[in-house]
Each structure stands twice: as structure tokens, then as C-alpha cells.
Amino acid sequence: MYEEYPTAIVNMDSYEDYEDLYSIVVHELFHGYQYIKDEKRFPDEMMGITYPLSKENVELRNQERTNLYHALLENNIIKKKKYLNAFSELREKRAAKIEEYLIYEKLIETIEGPAWYVELRAYSEKSPLDYHSVLKKYAQQLINKYESTSSIRSSCYSSGLFMCLLLEELSPGWMESFFDREETLYDLLKQHTGDFMEDSIADVKISPETEEVVNFAIEKRIKAFEEFKEQAGIHLYIEGEMK
């Protein structure tokens, strides 16, 4: 909020194509709209700094995201429900181990997922690509295990987006009352899953890929700190009352 007005700030040098620039402006303006609607479901961002990179959590989380991806793309309603149930089962197993951090994930999804949802719609409207190609473009961040593990916060954008798209299928008009609710996106989507036993998932087996993914994420964190310390720094001046 700049001078009490919702304001989107975008670096035009970062976007070569009009559809990219247009859609990111729509995304950022949506955040202004959230403030107008008095959105309260913002996460504690400090949780992201201390998010644990345990191999078991990473293994379950990536399986979870794969099932969410297939749940949206699957046309057979019975198979779609199976993927959706598997997604929810995996998430509930993670919740039992890292509950406070999963709350952080769910809140990021709830704030950023709808912003990505309107961004995708805006991009699709202006892009020469067909809708399926646009969906595949946005899905990459959901299913790329290396990026989703090394960038926990931004990876929640895509899982939130896919939840929005699934709710569009399973509960048309869900967004009409979205700002009047306290539930997260996941809470709303979970209402469309079946009953399952909390211990229905067997002991977690860590795959060799997960070992690589976790090492990649740790090395990327260390490199980010090293590169930051080497920077000369940037002075940014914004005059006016900021919130």
C-alpha cells in the first residue's frame, strides 16, 4: 500500500514478452486487492527461514506434489479422486511431523495460489499458446523436485495454483466466498477427498533422487549467502508512507 493506494511495482527489464509483463502486473495487483478485502491469512515469513530440509519430508512432499499434478490433469473422475486422496494422505503424514511448517506452506498457498491463478488466466488471455500449453508451462514449478525443494516459499505458489484449478472443477464458484473464509486452500480442497487411515502410508523409503535433491538445496542455500556477501549493495529510496 503506497500512500494508501494498492500499488504493483514491476521491473519491466525482467520481461521481454507483453504477456509475461501483463500477467505479472495482474498477479501483483491481486495482492493489492487482497489488502482491500482485508485478507488475514498471511504466513509468518520467519518460518520459511528455519524450514527443515529433512529427507523424509522432502520425499513425502515431492510425492505429494506429483499426485496433485496428476489429479488436475486426470480426466477420469475415479482416478482423479485417487490422486487427490493420495495427495491428502501424504500431506497429513507430513503434518504429523512438521505441523507448524506445514501451516506455513498452507498459508503461502492460500495467499500466492490465487495470485498465480489470476496470473495464469491473464497470461492465457494474452498468450498465443493454447491453454494446455500454458498449464504445462506453469506446472513445471510444481513437478521440478530440485527447484521445489530449494525454493520452498515459491514452490507453494504452484501447489496453490493447482488447488485453485482443482477447486474450479470440483466446486465451481468457490472463489465467490473465498475472502469471507478462514480456511486455507488446502482445507477447502480436502473437503473433496475421501476418508483414509492416518497410518495408511508405509514407512518412508528415501530415494537416491531425494538424496541428490536435498544436497542440491543445501548447496544452493550456501551459495546464495556467499554471493550475497560479495555484492556491492543497492540503495533503494521510496518516499511516502509505506505499509
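Quick look at the numbers
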{"quantity": "Residue-averaged [θ]222 nm for the chain, counting only DSSP H segments that reach four residues, each worth -39500 (n - 2.57)", "calculated": "-22000 deg cm²/dmol"}
{"quantity": "For residue 2, distant residues with modelled amide H under 5 Å away", "calculated": "7"}
{"quantity": "Probe 1.4 Å, protein heavy atoms only - accessible area per residue of the chain in square angstrom", "calculated": "59 Å²"}
{"quantity": "Highest-fluctuation residue, 128, 114, 43 considered, GNM on the chain with Cα pairs under 10 Å", "calculated": "128"}
{"quantity": "Max mean-square fluctuation residue, GNM over the chain, Cα-Cα springs under 10 Å, options 194, 160, 233", "calculated": "233"}
{"quantity": "Förster-model FRET efficiency, 41 Å R0, residue 237 and residue 182, C-beta, rounded to 0.05", "calculated": "0.60"}
{"quantity": "Pairwise centroid distance, computed over Cα atoms, of region 106-157 with region 85-100, Å", "calculated": "22 Å"}
{"quantity": "Computed label-point distance, nm, for sites residue 229 and residue 1 using a 7 Å Cα→Cβ extension", "calculated": "3.9 nm"}
{"quantity": "Loop GluC sites (Glu not before Pro), region 1-55 (other Cβ atoms within 10 Å of the site Cβ: 14 or fewer; DSSP)", "calculated": "3, 4, 16, 45"}
{"quantity": "Options 25, 156, 73, ranked by Cα towards positive dipole end of the chain, top entry (Cβ charges)", "calculated": "73"}
{"quantity": "Restricting region 1-82 to chymotrypsin sites (Phe, Trp or Tyr not before Pro) in coil, as DSSP defines it, with at most 15 other Cβ within 10 Å", "calculated": "15"}
{"quantity": "Heavy atoms of residue 106 accessible to a 1.4 Å probe, total area in Å² rounded to 10", "calculated": "40 Å²"}
{"quantity": "Region 1-132, accessible surface, carbon-and-sulfur percent (1.4 angstrom probe)", "calculated": "53 percent"}
{"quantity": "Exceeding the 31 Å Cα-Cα cut-off - candidates 93/137; 82/223; 81/243; 79/220; 190/220", "calculated": "82/223; 81/243; 79/220; 190/220"}
{"quantity": "Karplus-derived 3J(HN,Hα), 6.51/-1.76/1.60, for each residue of region 154-166, Hz, glycine and proline x", "calculated": "5, 5, 6, 4, 6, 5, x, 4, 5, 5, 4, 5, 5"}
{"quantity": "Heavy atoms of residue 184: accessible area, 1.4 Å probe, square angstrom to 10", "calculated": "10 Å²"}
{"quantity": "Sparsely packed trypsin sites (Lys or Arg not before Pro) within region 33-90, loop by DSSP, other Cβ within 10 Å at most 13", "calculated": "37, 40"}
{"quantity": "Where N is the number of residues in region 1-132, Cα Rg divided by 2.2 N^0.38 Å", "calculated": "1.26"}
{"quantity": "Accessible area in the full protein assembly, largest first, 1.4 Å probe, for 168, 219", "calculated": "219, 168"}
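The values are calculated or read from the model by the stated rules, or taken from the named source; none is laboratory data. Because the structure is a prediction, the values reported are computed rather than measured. A quick note on method: Cβ atoms are made from the backbone with ideal geometry, for glycine too, and the neighbour counts reach across all protein chains shown. All accessible areas refer to the heavy atoms of the entire protein, side chains included, with ligands and DNA or RNA removed. Shrake-Rupley method; radii C 1.70, N 1.55, O 1.52, S 1.80 Å.
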